[in-house]
1. Would you please name the residue that is most open to solvent (accessible area, probe 1.4 Å), looking only at residues in segment 79-135 that are in a strand (DSSP E or B) and among the β-branched types (V, I, T)?
2. Identify, please: which residue in segment 42-55 is modelled with pLDDT of 95 or more and part of a loop (DSSP other than H, G, I, E, B) and is, among those, surrounded by the most Cβ atoms within 10 Å (Cβ to Cβ)?
3. Checking the conditions here, which among S90, S59, S106 is of a type in the set (S, T, N, Q) and under 22 Å from R26 (Cα atoms)?
4. Under 7 Å by Cβ, and 6 or more places apart or on different chains, what pairs join a residue from segment 27-39 that is more than 19 Å from R92 (Cβ to Cβ) with one that is open to solvent by 30 Å² or more (accessible area, probe 1.4 Å) and hydrophobic (A, V, I, L, M, F, W, C)?
5. Please indicate, with yes or no, whether at least one residue in segment 64-71 is out of contact with any Phe, Trp or Tyr (no Cβ under 7 Å at 6 or more places or on another chain) and not in a helix (DSSP H, G or I).
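The values are calculated or read from the model by the stated rules, or taken from the named source; none is laboratory data. The structure displayed is predicted, hence computed values, not measured ones. Every residue, glycine as well, gets a Cβ built from its backbone with ideal geometry; the counts of neighbours run over all protein chains shown. Accessible surface areas use protein heavy atoms only, side chains included; no ligands, DNA or RNA. Shrake-Rupley method; radii C 1.70, N 1.55, O 1.52, S 1.80 Å.
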Amino acid sequence: MSTMFSRENNTRVSLRNKTLETHIDRQSVRESYNDVRSDFSETNWAVFQFEGNQICSKSVGSDFADFRTQFVDDERAFGFVRIQSGDEMSKRTKFLFVTWLGPNVSTMKRARLSSDKALVKEIIMNFAVELQIETPDELNYDFFREAVHKAGGANYGTGVREL
């Protein structure tokens with residue numbers, strides 16, 4: 001059994017039942033993920049954030065400006081975004097997985113990011129592009145769209161659709 005000594009009140013605290021392990025609310029994350037993927041939903045994005053040691057679905061929406069407001073400098077979070085891509089001949093829906101690592105996140109939380117992300121990716125499995133974003137300027141729809149475009153392969157469009 002591990003114990004920790006507290007100098008403040010000269011007591012020992014048992015760490016046996018204390019856990020630093022991250023958990024995930026699979027149901028809320030899966031529901032938001034499926035909502036973004038659904039062709040019958042207006043939802044274009046979902047954000048997953050930490051509540052204590054649990055990753056939960058925080059919010060979903062359709063306006064990218066609202067998506068940008070979900071991320072703060074001292075938090076880690078994950079996003080799932082629907083992007084319309086293609087050219088005038090072929091429109092395709094692509095998905096983007098975003099890992100947010102705010103610039104003021106502690107070293108310990110930074111170190112745990114990859115294992116926490118692996119939990120989310122057990123549910124969020126289908127996406128064309130994965131980005132790690134660390135500054136608010138990178139939370140930019142045009143930047144996301146360009147990343148999806150680059151990952152899309154060949155682009156045969158001419159820019160004009162003839163009727």
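1. At the first step, the residues of segment 79-135 found to be in a strand (DSSP E or B) are 79-86, 91-101, 129-133.
From the residues that got through so far, the ones that are among the β-branched types (V, I, T) too are 81, 83, 93, 98-99, 129, 133.
Working: V81: 4, I83: 0, T93: 53, V98: 0, T99: 1, V129: 14, I133: 1 Å².
Out of the qualifying residues, it is T93.
2. Among those residues, the one meeting the criterion is N44.
3. Details: S90 fails: under 22 Å from R26 (Cα atoms); S106 fails: under 22 Å from R26 (Cα atoms).
Step by step, each of S90, S59, S106 is checked, and only S59 is of a type in the set (S, T, N, Q) and under 22 Å from R26 (Cα atoms).
4. Once the first residue is more than 19 Å from R92 (Cβ to Cβ) and sits in segment 27-39, its partners that are open to solvent by 30 Å² or more (accessible area, probe 1.4 Å) and hydrophobic (A, V, I, L, M, F, W, C) give S32/V60; D35/V60.
5. In the first step, residues of segment 64-71 are kept if they are out of contact with any Phe, Trp or Tyr (no Cβ under 7 Å at 6 or more places or on another chain); the result is 65-66, 68-70.
Pick out the ones that are also not in a helix (DSSP H, G or I) and you get 69-70.
Yes, some residue in segment 64-71 is out of contact with any Phe, Trp or Tyr (no Cβ under 7 Å at 6 or more places or on another chain) and not in a helix (DSSP H, G or I).
Residue by residue, here is whether (1) touching a residue at least 60 places away in the same chain (Cβ under 8 Å); (2) among the β-branched types (V, I, T) holds:
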position	(1), (2)
I55	yes, yes
V60	no, yes
A65	no, no
R68	yes, no
R76	no, no
R82	no, no
S85	yes, no
F95	no, no
W100	no, no
